[in-house]
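Visitor: Below: one structure in structure tokens.
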Amino acid sequence: MKNEITYLALGETSRIGASSHYLRLGRWGILLDAGIDPHPSAAPVVPEYERLKGQPVNAVIISHAHLDHLGSLPIALRHFPEARIYLTPATAALSEIMLYHYLKVQERRVHLERTRYQPCYLEQEIDHLLFLFQSFAYNFPFKIHGFQESEITIQFWDAGHILGSAGIEIRWKGTRIFYTGNTKKSPQFILRGAKYPAGTDILITETTYGDNETAPFIKRPSEINRLVHFIKERIQFGGAILIPVFALGRTQEIMLLLHRLITQQKIPPVPLYLIGMGIKINRIYDRLLHKIYPDYKAKLLKTITGDTLYRKKFRKPSIILATSGMMMPNTLSYEIASDFLLDRRNGIALVGWADPETPGGSLRQGNQQKIREVFGVEDIHCGLETFYFSAHSHREELISMVEQLRPRQVILCHGELSSQGWMKERLEEKRLAEQIILPEKHQEITLG
Ligand SMILES: [Zn+2]
Ligand SMILES: [Zn+2]
């Protein structure tokens, strides 16, 4: 027991949902991520923290500020009031915005009578937990506060997924554990590719694109060319292009791409409207991005944002970036799309993943009948195209990460079962680890 390491998946294990993992290191306990799986009309799915009753939780470490890794943090703190929260400075700043915003979204749904479920936490709970944040930069090993004798050292590595996203390295009594969080090995438009430690003993990795066989062959330049062609065509028609985007990550990446395309004169200098929650997130990027990557200027995105007063000043031709990325009903991207679908001059460019059950998902699938139903339109006339600009490593990148890290044990998470299955098979075939584990939810696994 003294030197034993055990692992327990508290959140989803066979799909992407509420991420949360518990590590017990002797008499110490660490929770990695506290995610939520929001549901527009039903109650959100929250990890079953009560399962850890009687077990120590000294630290909650948040890998990045997307809700599937962060959204149930206030609930976790009800169960583990003595734990401190560890994250990078950017994740701390972004988490504050994301948690208050998610609470507002829940309150609005209750107000619009779209759900009978009350918000799953209170504003005061967010107010309080912000005081528990302990932030540390990348590549800066630290100890858990007040538990120096635990001999646990933690280090954040740049995960390349969104601003502040971290791979989490834990070292204890000669054993190294590395949790990837969400990771992107190759560079995006703003973010640099992920950095990993030289090696590890136990690897807990995401597998988001494990079952996507085409992703490794899609090259960014050709996707950019397709997008350029799509935008130019719509502009020639005198139309506008809607790009539904996640507020955190995708908005900023696509904004910088569009800005570059305009300055390189690859697309005409049309107005670029940014509407929705991405505006708030941009301010954090503008405040912190240049501190992480010194060759960026401060206020990078502010210099790019054109007119954000979409409702008052909208004119065509133009490009609109609007939340939500999944185009949930009552969001700006959903409302604009309902309008745009009817006009053949317009276009909708889908640049990010969307759950197949959401309106954005039905657009991605191109199911005409379903699109008509979901968006309440009689006919679809506008241009519609899907592009691949992922913030996750594709499966060959994941395999090469394992090759680099050479772990003894690998735990596969954050992906569909088919993704995990492909990864397991491939890792076994290449003999890249002694043991590859597909954890069952709530199954305690002894490691090391
Ligand atoms: Zn993420
Ligand atoms: Zn995620």
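Rundown of residues vs (1) modelled with pLDDT of 95 or more; (2) part of a loop (DSSP other than H, G, I, E, B); (3) out of contact with any Phe, Trp or Tyr (no Cβ under 6 Å at 6 or more places or on another chain), yes/no style:
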site: Gly160; (1), (2), (3): yes, yes, yes
site: Gly164; (1), (2), (3): yes, yes, yes
site: Gly167; (1), (2), (3): yes, no, no
site: Arg171; (1), (2), (3): yes, no, yes
site: Arg176; (1), (2), (3): yes, no, yes
site: Lys195; (1), (2), (3): yes, yes, no
site: Thr200; (1), (2), (3): yes, yes, no
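Visitor: Of the numbered conditions (1) in contact with a Ser or Thr (Cβ under 6 Å, 6 or more places away or on another chain); (2) of a type in the set (Ser, Thr, Tyr); (3) under 15 Å from Thr386 (Cα atoms), Thr205 fails exactly one; give the number of that condition.
Guide: All conditions are met except number (3).
Visitor: Mind listing just one residue for me: the one in the stretch 274-314 that is at pLDDT 90 or above and of a type in the set (Ser, Thr, Tyr) and, of those, nearest to Pro89 (Cα to Cα)?
Guide: For the stretch 274-314, the residue satisfying everything is Tyr285.
Visitor: Of the residues that make up the stretch 409-424, is at least one crowded, with 17+ Cβ neighbours inside 10 Å and among the hydroxyl-bearing types (Ser, Thr, Tyr)?
Guide: Yes, the stretch 409-424 contains at least one residue that is crowded, with 17+ Cβ neighbours inside 10 Å and among the hydroxyl-bearing types (Ser, Thr, Tyr).
Visitor: Looking at the stretch 143-158, which of the residues that are in a strand (DSSP E or B) and closer than 22 Å to Thr6 by Cα is nearest to ligand 2 (Cβ to nearest atom)? Before you say what the answer is, go through the steps one by one.
Guide: The first filter runs over the stretch 143-158 and keeps only residues in a strand (DSSP E or B), leaving 143, 152-158.
Right, trim to closer than 22 Å to Thr6 by Cα and you get 143, 152-156.
On the way: Lys143: 27, Ile152: 24, Thr153: 25, Ile154: 20, Gln155: 21, Phe156: 17 Å.
Out of the qualifying residues, it is Phe156.
Visitor: Within the stretch 324-347, count every residue that is more than 19 Å from Arg114 (Cα to Cα) and in a loop (DSSP other than H, G, I, E, B).
Guide: Residues in the stretch 324-347 being more than 19 Å from Arg114 (Cα to Cα) and in a loop (DSSP other than H, G, I, E, B): 7 in total.
Visitor: Name the residue, out of Gln134, Gln106, that is surrounded by 13 or more Cβ atoms within 10 Å (Cβ to Cβ), in contact with a His (Cβ under 8 Å, 6 or more places away or on another chain), outside the structural domain of Ser324 (by TED's automatic domain parsing) and not aliphatic (A, V, I, L, M).
Guide: Among Gln134, Gln106, only Gln134 is surrounded by 13 or more Cβ atoms within 10 Å (Cβ to Cβ), in contact with a His (Cβ under 8 Å, 6 or more places away or on another chain), outside the structural domain of Ser324 (by TED's automatic domain parsing) and not aliphatic (A, V, I, L, M).
Visitor: Confirm whether Leu288 is of a type in the set (A, V, I, L, M), touching a residue at least 24 places away in the same chain (Cβ under 8 Å) and part of a strand (DSSP E or B).
Guide: Criteria not met by Leu288.
Visitor: Taking the stretch 20-43 as the search range and keeping residues that are touching a strand residue (DSSP E or B) at 6+ places or on another chain (Cβ under 7 Å) and among the hydroxyl-bearing types (Ser, Thr, Tyr), which one is farthest from ligand 2 (Cβ to nearest atom)?
Guide: Filtering first and then ranking leaves Tyr22.
Visitor: Looking only at residues in the stretch 212-229 that are part of a helix (DSSP H, G or I) and in contact with a Phe, Trp or Tyr (Cβ under 8 Å, 6 or more places away or on another chain), which one is farthest from ligand 1 (Cβ to nearest atom)?
Guide: Within the stretch 212-229, the match that is farthest from ligand 1 (Cβ to nearest atom) is Arg226.
Visitor: So, in the stretch 385-398, of the ones that are within 14 Å of Leu350 (Cβ to Cβ) and surrounded by fewer than 20 Cβ atoms within 10 Å (Cβ to Cβ), which residue ends up nearest to the chain's Cα centre (by Cα)? Give the steps one after another, and end with the answer.
Guide: Going through the stretch 385-398, the residues within 14 Å of Leu350 (Cβ to Cβ) turn out to be 385-390.
In the following step, the residues that additionally are surrounded by fewer than 20 Cβ atoms within 10 Å (Cβ to Cβ) were identified as 385-389.
Values: Glu385: 22, Thr386: 19, Phe387: 18, Tyr388: 15, Phe389: 13 Å.
Step by step, filter the stretch 385-398, then rank; the result is Phe389.
Visitor: Of the residues in the stretch 187-211, how many are within 16 Å of ligand 1 (Cβ to nearest atom), farther than 14 Å from Leu412 by Cα and touching a residue at least 60 places away in the same chain (Cβ under 8 Å)? If you could, list the steps in order and put the result at the bottom.
Guide: So in the stretch 187-211, the residues within 16 Å of ligand 1 (Cβ to nearest atom) come out as 188, 190-191, 193-194, 204-210.
Restricting the remaining residues to those that are farther than 14 Å from Leu412 by Cα gives 188, 190-191, 193-194.
Restricting the remaining residues to those that are touching a residue at least 60 places away in the same chain (Cβ under 8 Å) gives 188, 190-191, 194.
Residues flagged as within 16 Å of ligand 1 (Cβ to nearest atom), farther than 14 Å from Leu412 by Cα and touching a residue at least 60 places away in the same chain (Cβ under 8 Å) within the stretch 187-211 amount to 4.
The values are calculated or read from the model by the stated rules, or taken from the named source; none is laboratory data. Source: prediction; values computed, not measured. As a convention, Cβ positions derive from the backbone with ideal geometry for all residues, glycine included, and neighbour counts pool all protein chains shown.
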